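The values are calculated or read from the model by the stated rules, or taken from the named source; none is laboratory data. This structure is a prediction, so every number in the text was calculated from the model and none was measured. Note: ideal-geometry Cβ built from the backbone for every residue, glycine included; neighbour counts use all protein chains shown.
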Amino acid sequence: MLVSREGPHAERRFVEFFTARIRNRGTRANYARAARDFLAWCEAGGLSLRTIGPVHVAAYVERLGQTHSAPTVKLRLAALRMLLDDLVVGQVIPTNPAASVQGPRHVVKKGSTPVLRADEARQLLDAIDATTLVGLRDRAVIGVMVYSFARVSAAVGMNVEDYFPQGRRMWLRLHEKGGKRHDVPAHHNAEAYLDAYLEATGIRDERKGPLFRTVSPRRDLSLTRLHRTDVLRMIKRRARQAGLTTAVCCHTFRATGITAYLENGGLLEHAQRIAAHESVRTTKLYDRTSDAVSLDEIERIVI
């Protein structure tokens, strides 16, 4: 590997970049993939870490653009910039060859996350068999995501103690990206779903334990935390069972909740705070309230 050839110091700096500087697991995995592919491409081209120049990075970005989307290319270029900049600071290489390389232009004004209509979301929730432990769990997971705009990682990352009373209401404590803690009041439907789930499982007093857990082959609740890939498989299965044709993903419920909130007169600024977005522009990507208006206007074309 190119980094190993530069000696122990370069190897140590490379490892420290991913272990010490990047704390989010998802970001770490994406950046590691970007670094691995780029360095393998450079090695195949006979380059060393010190001979990589802007022209090589630009050629790699151009090649990536032929097989990957613009957002992916921009993400990978950002990862390379950050990694190589860290190697410059660590005196492994003299300059950052990615610093002057321009990525593809990509402006997003509307998100691509599939969104359910309010009646479709209700159809999905009502179709879940709430007489089983698995059904109660799945309904509670979806309820938390749709009624609090929570990311799936924040939902499955909750412990039992993260559903707690404050004043006259129950609250949810979500651990969001970047180590941020975000408290939000529990919607009465989410509260009902969680109470039913906790009552059936008997884990309410296991405060430090995972809130949402996997189920053993005997259909007993385990001690293992539910993973986001488990949730993805679950919601796709639940959507099929409910007869929904819209393709869904974990982020669907975040976007669905935000859209339903705005359709009922909620303010974008408040939606931003509930969703714990840094920028209102990010929240706007989830807003599909204008879709129906656009369709109405299209139907005015009478030929």
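Points worth noting:
- Condition check for T201: hydroxyl-bearing (S, T, Y), touching a helix residue (DSSP H, G or I) at 6+ places or on another chain (Cβ under 8 Å) and under 15 Å from M158 (Cβ atoms): yes
- G243 vs. criteria out of contact with any Pro (no Cβ under 9 Å at 6 or more places or on another chain), assigned by TED's automatic domain parsing to the domain that holds L268 and surrounded by fewer than 12 Cβ atoms within 10 Å (Cβ to Cβ): yes
- Qualifying positions in the range 121-159 - outside any loop (DSSP other than H, G, I, E, B), surrounded by fewer than 19 Cβ atoms within 10 Å (Cβ to Cβ) and of a type outside the set (S, T, N, Q): R122, L125, D126, A127, L133, V134, G135
- Selection status of I22, more than 23 Å from P104 (Cα to Cα), among the β-branched types (V, I, T) and outside the structural domain of G157 (by TED's automatic domain parsing): yes
- Residue within the range 182-191 that is in a loop (DSSP other than H, G, I, E, B) and of a type in the set (V, I, T) present: no
- For the range 77-98, taking the residues that are over 15 Å from A32 (Cα atoms) and touching a Pro at 6+ places or on another chain (Cβ under 8 Å), the one that is surrounded by the most Cβ atoms within 10 Å (Cβ to Cβ) is identified as A98.
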